[in-house]
Amino acid sequence: AQKITQTQPGMFVQEKEAVTLDCTYDTSDPSYGLFWYKQPSSGEMIFLIYQGSYDQQNATEGRYSLNFQKARKSANLVISASQLGDSAMYFCAMREVNTGGFKTIFGAGTRLFVKA
Amino acid sequence: DVKVTQSSRYLVKRTGEKVFLECVQDMDHENMFWYRQDPGLGLRLIYFSYDVKMKEKGDIPEGYSVSREKKERFSLILESASTNQTSMYLCASYGTGYSPLHFGNGTRLTVT
């Protein structure tokens, strides 16, 4: 069965430093996609980055990169040069297309606090 | 730009009332979803739909039903609201494959 685990309820990082948010997943489907979303205090959900299970290279989008370790079933989000505006909830999500019936499931989230 | 619109931002209902949460998307997406978000639990999938009149149960469907009569509209129904259904409800949609979900702004429902 699909499962996403985010083990860090809260994280602190100093402004301008890098931070890694952990995400592990469980699936028996060889074909799946992994997503990260940001939810600021305003409540909107913002898509950040996507990694496909067959992608050979780690995904990058600006200051965001995804450290994809397929054998370990982990998809950690790395934010470089943290900014105060990065303070938010971050959710890891997974979609299995073959066995998951189009659905996307989410982890419990990590709240990131960026300190000035 | 994709727009997913939820009809209410805040809603207060009484126990036992029938509650309708409406969601409309404007990008002809096949797939639509209802999640509830609770602190420490993340987003949990209630129901989803991959086509008109098609629906599938998510992980926590008990106490809820859905309706999708038109492609752009996906409604979540609480047949008899209970206090444990007080939560933030998020609607989302996507087109095909591994395209990202687009979310509405959420409806914060309080059942008293």
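The values are calculated or read from the model by the stated rules, or taken from the named source; none is laboratory data. Keep in mind it's a predicted model, so treat the numbers as computed, not measured. Virtual Cβ from ideal backbone geometry, glycine too; neighbours counted across all protein chains shown.
The single condition among (1) at the interface with another protein chain (Cβ under 9 Å from one of its Cβ atoms); (2) under 13 Å from the mean Cα position of the chain (by Cα) that A:Ser65 does not satisfy is (1). Where strands (runs of 3 or more DSSP E) sit wholly within the range B:1-61, those with at least 3 residues that are at the interface with chain A (Cβ under 10 Å from one of its Cβ atoms) and in contact with a Gly (Cβ under 8 Å, 6 or more places away or on another chain) occupy B:31-38, B:42-49. Of the strands (runs of 3 or more DSSP E) lying entirely inside the range A:12-94, the ones with 2 or more residues being among the small types (Gly, Ala, Ser) are found at A:74-79. Of all residues in the range B:14-28, those that are under 17 Å from B:Asp1 (Cα atoms) have Cβ atoms under 9 Å from Cβ atoms of residues that are surrounded by fewer than 18 Cβ atoms within 10 Å (Cβ to Cβ) and of a type in the set (Val, Ile, Thr), 6 or more apart or on another chain, in B:Cys23/B:Thr5; B:Val24/B:Thr5; B:Gln25/B:Val2; B:Gln25/B:Thr5; B:Asp26/B:Val2; B:Asp26/B:Thr5; B:Met27/B:Val2.
The residue that is surrounded by the most Cβ atoms within 10 Å (Cβ to Cβ), counting only those in the range B:85-100 that are at pLDDT 95 or above and within 8 Å of chain A (Cβ to nearest Cβ), is B:Leu90.
Criterion applied to B:Ala92, B:Ala81 was being touching a Lys or Arg at 6+ places or on another chain (Cβ under 6 Å) and in contact (Cβ under 8 Å) with a residue 40 or more places away in the chain, and the one residue passing it is B:Ala81.
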